[in-house]
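One structure is given below, encoded as structure tokens.
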Amino acid sequence: MNEPLTSKQPLAGNNVINQLAFVVNDIEQTSEAFAKLLGIPKPKWFFTGDREVSKVVFRGEPTDSRSKLVFMNTPTVQFELIEPNKEPGTMREFLDTVGEGIHHIAFDVDSIQDMLPIFEENGYSLLQSGEFTTSDGRYVYVDTLKDHKTLVELLESAEPRDTTPRTEVFTPPLLGTNKVEQLAIVVNDLDAAADAYCKLLGVEKPAVIKSGPSELTQVVFEGVPTEGKSKYMFINTPLIQLEIIEPGDSPSTWKKHLDTYGESVHHISFVVEDMDGKIKMLEEMGYPVIQRGNFWNGKGRYAYMDTTSTYKVIIELLERY
């Protein structure tokens, strides 16, 4: 899935999105669910340090913001689960205004001091900074929300972060795989969002794909057939594919999400075998199908499952032919 760099340099110095971070209300409950999803032992959370250790500064003001954290490695990106305390901070602000969900994507950098000015010169101001609790390192969140519909975190570590997935067998992953294939974002203006992401990643702009004819795609949304109009594009990065979706005017999960929540992360995807069996299993667990259909080119099918109550994001099942 590697996308060669062009003469355009990524803003972070690389285009490796290696972390998806979820803000949650209950880290015990959520980490147990994610461990089952990934087929790994439930990890123990840890509490970030106090003001003297973490040195958190939010919107220019020092704060006593602390969080319970859990890291879970997958074959592609690392999941970070965050339960913030009540003190001012970007995670608390997100939880209070947006609710549980994906708060940011992250890039490792050699030097925040070198990279942050590049983001600021491009209009992305510093939102929050702090120091790592359990190792020598630091982070910053830059305010990319308007252009990228999520925040970007830059991570600077004295030693490489451990993102290696566990190899020993604990229990089969819930979906038969723990490889996250895609992160999908719903937007109002596909071209503008794609321009912003291609500039962030230092890659050429991919072709726009339009939804296929309804007799091919056979989209069913909330139990009712629909044209499910949309246009979208896929941007490849070394670990995960980004899908950017601009809904059309016909009913669809993308349009409903945009009308309800605005531009933001819509789903993450897993490629599965026996999709009908996986759908039945998830429905029996209380996660109904939101929308299903065939790929625009007829080379596969998909189903969006209503998993937000547990996993804080819609999970898409993909079956390729």
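The values are calculated or read from the model by the stated rules, or taken from the named source; none is laboratory data. Just so it is clear, the model here is predicted, and its values are computed rather than measured. Here Cβ is always computed from backbone atoms with ideal geometry, including for glycine, and neighbour counts include all displayed protein chains. To get the accessible areas, we keep the full protein, side chains included, count just its heavy atoms, and leave off ligands, DNA and RNA. Shrake-Rupley method; radii C 1.70, N 1.55, O 1.52, S 1.80 Å.
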Determine which single condition LEU127 fails, assuming it passes every other condition in (1) in contact with a Ser or Thr (Cβ under 8 Å, 6 or more places away or on another chain); (2) open to solvent by 50 Å² or more (accessible area, probe 1.4 Å). (2)
Provide a single number: the residues in the range 71-110 that are open to solvent by less than 60 Å² (accessible area, probe 1.4 Å), within 28 Å of THR260 (Cβ to Cβ), over 15 Å from the mean Cα position of the chain (by Cα) and of a type in the set (Val, Ile, Thr). 1
Answer yes if at least one residue in the range 178-200 is open to solvent by 80 Å² or more (accessible area, probe 1.4 Å) and modelled with pLDDT under 95, and no otherwise. no
Check on ALA158, among the aliphatic types (A, V, I, L, M) and either open to solvent by 40 Å² or more (accessible area, probe 1.4 Å) or farther than 22 Å from ILE314 by Cβ (or both): yes
Any idea how many residues of the range 212-253 are among the basic types (Lys, Arg) and assigned to a strand (DSSP E or B)? 1
Any hit, the range 34-42, residues being open to solvent by 10 Å² or more (accessible area, probe 1.4 Å), farther than 20 Å from GLU156 by Cα and among the aliphatic types (A, V, I, L, M): yes
Complete set of residues in the range 276-306 that are without any contact (Cβ under 8 Å) to a residue 60 or more places away in the chain and aromatic (Phe, Trp, Tyr): TYR287, TYR302, TYR304
On the basis of being in contact with an Asp or Glu (Cβ under 9 Å, 6 or more places away or on another chain), in contact (Cβ under 8 Å) with a residue 60 or more places away in the chain and crowded, with 20+ Cβ neighbours inside 10 Å, does ILE244 make the cut? no
Report yes if some residue within the range 52-63 is open to solvent by less than 60 Å² (accessible area, probe 1.4 Å), outside any loop (DSSP other than H, G, I, E, B), under 22 Å from LEU175 (Cα atoms) and of a type outside the set (Gly, Ala, Ser); otherwise report no. no
Entirely in the range 88-154, the strands (runs of 3 or more DSSP E) that have 3 or more residues that are closer than 24 Å to ALA184 by Cβ, in contact (Cβ under 8 Å) with a residue 12 or more places away in the chain and not acidic (Asp, Glu): 101-108
Tally up the residues in the range 294-315 that are in a strand (DSSP E or B) and open to solvent by 10 Å² or more (accessible area, probe 1.4 Å), please. 4
Only one of (1) closer than 22 Å to LEU145 by Cβ; (2) open to solvent by 40 Å² or more (accessible area, probe 1.4 Å) does not apply to ILE268, and that is (2)
